Amino acid sequence: MSIENTQIKYDKQETQILKELEKGETRENLYKKYGYSSVRTMDAFFRRRGFIVKNGKYIKRDSYRNNMLNQISGDIPFRAQMIAEKFKKEGILADPSAIAATFGFEDYTEMNTYMRNNNMFYNSNTKSYEPHYPQQAGTTSELSCADDKIELVKEIITKDSTEEGIAKYYSLLSFLYENKERLIELLSPSINDNTPKRYLIPGSKKVKSIYLSKGLSAIIDDFAHTKNISIRELVEGAVIEYLIKYGYKSEIEILMSQK
């Protein structure tokens, strides 16, 4: 097979894989279908063709970079963007007080004032903050200034034009972006009063008996007494947060949305 025919084959294969991923198929189910020895091998193929892996899909590296640059260089502060993204990600499970504490605000009121001052207003339909811009467009000089900022950051990041140089920037940015919430929690001053969150769970109750070690049982009793929380509330809250952490967030959201 000639080099040209091989290129055509890979172009068609690449397009087909991207289409199947958009339809909801997973990389784990596709790599064997298209003759790759592993998911990592398929990922490496797409990386060589200018893609990165994001949320289980392949995204053009340049598009992803430009989107991040636009976020950093936009009119809305990055802190406000992260707050909005936190609300959007947690949906109906979002705890405004906890989010305010995570980002260093004294309470939700202070955070809400900060968001409004940055043209971000809470939308009850989307359960998140969204930007609100006046009808009149900005002046030409303002737009030109924003474009200059974007181009400056692009120039800094793309200064090292070698494949290895670009890769090190993207791998670092990708890692930081994937762990942004954890980084914010570590770097932002937290004034949380350490009060356990109580969940109002709809539906009828069912007995679920379990056996615990005496030591763990004693710790639970002491915690419940100290925090003024019932054993049932403690166990339900712990189970909910455990399930959310290990992949059952959508199921919990469905449960909590029921009336």
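The values are calculated or read from the model by the stated rules, or taken from the named source; none is laboratory data. Computed from a predicted model, the values in this text were never measured in an experiment. Neighbour counts are summed over all protein chains in view; Cβ atoms, including those assigned to glycine, are modelled from backbone coordinates with ideal geometry.
Residue-wise test of (1) under 28 Å from residue 78 (Cα atoms); (2) at pLDDT below 85.
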{"site": "171", "(1), (2)": "yes, yes"}
{"site": "224", "(1), (2)": "no, no"}
{"site": "239", "(1), (2)": "no, no"}
{"site": "258", "(1), (2)": "no, yes"}
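Of all residues in the range 104-141, those satisfying the criterion of being closer than 28 Å to residue 196 by Cβ, modelled with pLDDT of 85 or more and not in a strand (DSSP E or B) are 105, 106, 107, 108, 109, 110, 111, 112, 113, 114, 115. Evaluating residue 191 against the criteria (1) within 34 Å of the chain's Cα centre (by Cα); (2) modelled with pLDDT of 85 or more; (3) farther than 26 Å from residue 254 by Cβ leaves one unmet condition, (2). The residue that is farthest from the chain's Cα centre (by Cα), among those in the range 201-225 that are among the aliphatic types (A, V, I, L, M) and surrounded by 10 or more Cβ atoms within 10 Å (Cβ to Cβ), is 218.
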